[in-house]
Amino acid sequence: MKIAIRAAIVCLLSITALQAAERRTPSDQGFEQFTTPNSVKRLDIYSATDTRAIKPIIEAFERRHPYIDVRYNEYESTTLYNALTSGKIKGADVVLSSAMDLQVKLVNDGHARTLDIPESIDLPEWSHWRNEAFGFTFEPVVIAYNKASFENAPVPSSHESLVDALRNDPERYYEKVGSYDIRLSGAGYFFATHDTVVSSISGRILESLARAASHTYCCTSDMLDDLGEGKLALAYNVLGSYALARARKDSRIGVIMPEDYTLVMSRIALVPKQTDNFATAQAFIRFLLSKEGQQIIASKSNLIALRPEATGPSSIAAISEKRQLRFHPIKIGLPVMTFQDEMKRERFIREWSQLFDARTP
Amino acid sequence: MLVVFLVLSAGVWQYANRTADLSYDRLLTGSALAIIERIRSRNGQVEVDLPYAALDILSLAPDDKVYYAVSGPDKSYLTGYKDFPPPEHYTPSASPVFYNTNYLNEPIRAVVVSKRLDDPGVSGWVEVRIGQSRNARNALSNEILLGEMAVLVLVITLALTSLAFGINRTLSPLNQLSRSLRERRADEMGPLPDTDIKEVKPLIASIDQYRTRLQSNLDMMQVFIADASHQIRTALSSVQAQLDMAEMEHDQDKLQNRLALIRNQHRKLTRLTNQLLTHALVAHRRDTNQFQQVKLDALLSAILTSEVRDHADSNIEFNYSNTHRDLTIDADPVSLRECLRNLIDNAIKYGPENNSITLGIDVEAEQVKIFVDDQGPGIPDEMLQRAVLRFERIETGKNTLGSGLGLGIANTVTEAHGGQLHLINRQPQGLRVELVLPRRRI
C-alpha cells in the first residue's frame, strides 16, 4: 500500500510540474545577446514592401543593434513567393509581404519557423497565426480620387454608391477609373477576391469597373501618380497606407474609406525555415511588433502601425479621426488561402479577364 | 492499486483521444462535404469552386494546418496539394472515411469522401481528401486527460486514505490485544478483556483457550517437579540414614542387612533417575517430531531380546505374539522403545516371581495395537483412569520400586503418536497395557 500511495504522490507532483511548465514566462526582450561586438551578424530581409516605406524601421533597428548588418531585398509579392518556394532564394532570414494569402500558405506548407513573442507584446487577435505569421501593419483598402474631378459632384462614399455613380454618371468615369490588374498584382488579386467574401455586390463592382473601361495597374504608386496628374478621377482598392501618405504631400489627391466596409489588411512578417540567423531574425520581428517599433511605423514611415496605442500621422487613431469607420480586418489564418486554390484562382482570373479584356479601350 | 491506476489511466487516455478525434472529425467532414458539393461538370470538364467556408470551418481549430486534394474521375488531379496521400485500400463511397497519415513531416488526421458524377462526357467518382494537423486535437485530448487524471488521482487518494483509515480502525482491537498481552504479568491468569469487534472475538477465545492449556501443563510440571524432588530426597535421605546406621553397625550379619537395604534404595534411585531422564527424553522428542518409518517386528524383537538377556537369572517367562512380520508404522523408534521397555519393566516389577510377560501386536484397520500382558495383580477398576497420570502410584500394598512414571512415559509417547493408551484388567489375572497407534501420521 505504501508503494501505491507513493505512486499517487508522484503522479500529483508530475501534474503540478506540467502546470508549472505551461506557465513559463518568456523574457520580455531578447536583444541582449547582440550587444557584444564579437562579430557582425547579417540579417537578410526579403520583402514585398516599398524600400522607402520600411527604411525608418530598419534604420532604427540597426541603431539599436549596431552589430547587425541588415540587407534589404525588395521583390514583387508573387515573385517573392515563387522564388522562396522554388528555392531560388537562399539564406532569407525574414520575409515581409502584403500578400497575406501567400504568407499564410508559406506557413501552412511548413516554410516558417515558430517564434517566441513575449506576452507583453499585445497584438490583436486577428493579426497573427500559429506563432509563425505576424501582421505588423494596419492598412485599410481605400478609394483614392482626384479632388479636381469631383468639384461639382459628390465623391462616392461606399461601394454601393460607387456602383451607382459608375452607372449613373458614365461620362465622368469613362476611362478615368483605375484599379489593380489582378494578374500582375498579388495585392490586387487579394483585394478583389476578398471583396467577394465580404460583399454581395462585388460582382457588380467588377462589371461596372469593366464597363467604365478602367485602366489596370500593377501598383498603387502608379495609380496615385496618374491620379495626381488628373489622368484618373478615381482609383479603386488601393493601399491605404500609400494613398494616405501621398495625400498628405499631394493636395490634389483625396482618400475615401468606404462607409459600408473598409477591408483592412496587414503586412505579414515571418521567419523562413531556411534562416541561419534565427535569433537575429526573431529579434527583428520582436522589434517590429514592440512599442518602439510600432511607434516608429506610426510616426516616421508611410505604413500604418498595427497597435492602436502608437501615435503619429500613421496611426490608427490618426486615420480614423472624425469618422465612424467600419474596418473589416482580414484575419490571418487558413481561410485567406481559399483563393490560392489553383482551380479557384484560374477561374477567378478567367472571369476577371473576360470582363476586362472585353472593355473598349 | 498502482495497477488499477495504470489501467484506468490507459482507459482515460484512450477516451480523451477518441473524444478529441470525434469532435474535430466533424469539422473535417463538414469541410469535405462543403467542397464536394461544389464539384460540377461543365462542358465535359470537372470543376471545383473551393468554398470559402471549407477552410473557414477548419479554422475553428485555430492553430492547425490544412491540406486538401481534389481528384476527378480516373484519379486525375484537379486542385489542391497534388501529393496529399490517400488512405490505403480505399473504395470510393459517399460516406466519409477517416484515416491518419503524414504530410510535410507532420502527423495528419484526414478524411476522404467521394461523389459519383454521371454527366455527359464525365462519368466516375470524384474524390475530396482533406487533412488537418493535430494541434487542436492534442490540446483537447490533453485537456480532457488532465481533467480526468485529476479526478482519478483524487478518487484513488480518497480510496487509499479511507482504506488506511479502515485498516487502522479494524486493527486497533488487535493492537489493544497485543498491548494487554504485553503488559500482563507472566503468572496473571484469567481471560483477556472482551472486544466489540466480531471478527476478533474468536482470536481472543483461542488465545484464552491456549493459555488455559498452557497453564494446566505448567501446573502438571509443577506437580511433577515437586513429586520428583520429594521422591529423590526421600530416597537420598533414606540411603543416608542407612549409611549412617551401617557405619555404627559392628555385627557382620546386620551390616550385610543394612547394605542390602542401601542397595535396594540405590536401585530405586537409579530407576527413578532413569525414568525421569527417559520422560524428559520422550517429551523432548515429542516436541521435535522425529518421526520415520519403523519396522515394528524388528523393534519389538530387539526390545524383547535385551529384556530376556537382562532377566536371564529370573523365573520370568517372556512371550512374543506377532503375525505381521512386515508391518511398518510412522513412529519415533527411540520414544517407542523407551516406552515399551518401561512398560515391560513395570510388568516385571509389579508381577509375581514367576511372571509371564507377553509382548504382541494386533492390527485393526488403520490402527496398530501394541500390548504388554503380565500376570500381576492388575489395577482396581476404579483406579484405571488415574493410573495413567504420572506419579499416581497404584496402591497395591506391595513393596516395590514403583514410581508410576512408567505409565506416564507411555501416555506421553502414545499422545505424541496421536494414539491412545488403554489399561485393561485381564481375566482371571493380570493387566494388559495397550498402545493404540495410527499406522500413518495424519
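The values are calculated or read from the model by the stated rules, or taken from the named source; none is laboratory data. Given the structure is predicted, the values throughout are model-derived calculations rather than measurements. No Cβ is skipped: glycine too gets one built from the backbone with ideal geometry, and neighbour counts run over all protein chains shown.
Brief remarks on what is shown
Matching residues to (1) among the polar types (S, T, N, Q); (2) in contact (Cβ under 8 Å) with a residue 40 or more places away in the chain:
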{"position": "B:Ser93", "(1), (2)": "yes, no"}
{"position": "B:Tyr103", "(1), (2)": "no, no"}
{"position": "B:Glu106", "(1), (2)": "no, yes"}
{"position": "B:Val112", "(1), (2)": "no, yes"}
{"position": "B:Arg116", "(1), (2)": "no, no"}
{"position": "B:Pro120", "(1), (2)": "no, yes"}
{"position": "B:Val128", "(1), (2)": "no, yes"}
{"position": "B:Asn135", "(1), (2)": "yes, yes"}
{"position": "B:Ser141", "(1), (2)": "yes, yes"}
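- Residue within the stretch B:102-117 that is within 14 Å of another protein chain (Cβ to nearest Cβ) and surrounded by 17 or more Cβ atoms within 10 Å (Cβ to Cβ) present: yes
- Residues of the stretch B:147-161 that are surrounded by 15 or more Cβ atoms within 10 Å (Cβ to Cβ) and within 9 Å of chain A (Cβ to nearest Cβ): B:Met149, B:Leu152, B:Val153, B:Ile156, B:Thr157, B:Leu160.
- Leading residue by the ranking (nearest to A:Ser208 (Cα to Cα)) among those in the stretch A:306-361 that are among the basic types (Lys, Arg) and modelled with pLDDT of 90 or more: A:Arg350
- Any hit, the stretch A:209-218, residues being surrounded by fewer than 16 Cβ atoms within 10 Å (Cβ to Cβ), in contact with a Phe, Trp or Tyr (Cβ under 8 Å, 6 or more places away or on another chain) and not assigned by TED's automatic domain parsing to the domain that holds A:Thr51: yes
- Matching option when the condition is surrounded by 16 or more Cβ atoms within 10 Å (Cβ to Cβ) and in contact with a Leu (Cβ under 7 Å, 6 or more places away or on another chain), among B:Gln275, B:Gln265: B:Gln275
- Unmet requirement for B:Phe98, which otherwise passes all of (1) outside any helix (DSSP H, G or I); (2) under 26 Å from B:Asn138 (Cα atoms); (3) within 13 Å of chain A (Cβ to nearest Cβ); (4) touching a helix residue (DSSP H, G or I) at 6+ places or on another chain (Cβ under 7 Å): (3)
- Subset of the stretch B:34-88 [among the aromatic types (Phe, Trp, Tyr), facing chain A (nearest Cβ under 9 Å) and not in a strand (DSSP E or B)]: B:Tyr52, B:Tyr81
- Of the residues in the stretch A:231-241, at least one is β-branched (Val, Ile, Thr), farther than 16 Å from A:Ser353 by Cα and touching a residue at least 40 places away in the same chain (Cβ under 8 Å).
- Checking B:Ala347, B:Ala365 one by one, the residue that is in contact with a Gly (Cβ under 8 Å, 6 or more places away or on another chain) and hydrophobic (A, V, I, L, M, F, W, C) is B:Ala347 and no other.
- Where A:Ser98 falls short, out of the listed (1) modelled with pLDDT under 95; (2) surrounded by fewer than 19 Cβ atoms within 10 Å (Cβ to Cβ): (2)
For (1) among the charged types (D, E, K, R); (2) out of contact with any helix residue (DSSP H, G or I) (no Cβ under 8 Å at 6 or more places or on another chain); (3) within 27 Å of A:Asp116 (Cβ to Cβ), each residue gets a yes or a no:
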site	(1), (2), (3)
A:Thr275	no, no, yes
A:Gln282	no, yes, yes
A:Ser290	no, yes, yes
A:Ile297	no, no, yes
A:Pro308	no, no, yes
A:Pro313	no, no, no
A:Lys331	yes, no, yes
A:Thr338	no, no, no
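- Test: residue in the stretch B:179-201 that is loosely packed, with under 15 Cβ neighbours inside 10 Å, within 14 Å of another protein chain (Cβ to nearest Cβ) and not in a strand (DSSP E or B): no
- Within the stretch B:138-165, being over 23 Å from B:Ala20 (Cα atoms) and not hydrophobic (A, V, I, L, M, F, W, C) holds for B:Thr157, B:Thr161, B:Ser162.
- Failed item in (1) touching a residue at least 12 places away in the same chain (Cβ under 8 Å); (2) β-branched (Val, Ile, Thr); (3) out of contact with any Ser or Thr (no Cβ under 8 Å at 6 or more places or on another chain), with B:Val294 passing the rest: (3)
- Flag for B:Ile344 being surrounded by 20 or more Cβ atoms within 10 Å (Cβ to Cβ) and without any contact (Cβ under 8 Å) to a residue 60 or more places away in the chain: yes
- Positions within the stretch B:260-289 being touching a helix residue (DSSP H, G or I) at 6+ places or on another chain (Cβ under 7 Å) and under 30 Å from B:Met245 (Cβ atoms), in sequence order: B:Leu261, B:Ile262, B:Gln265, B:His266, B:Lys268, B:Leu269, B:Leu272, B:Gln275, B:Leu276
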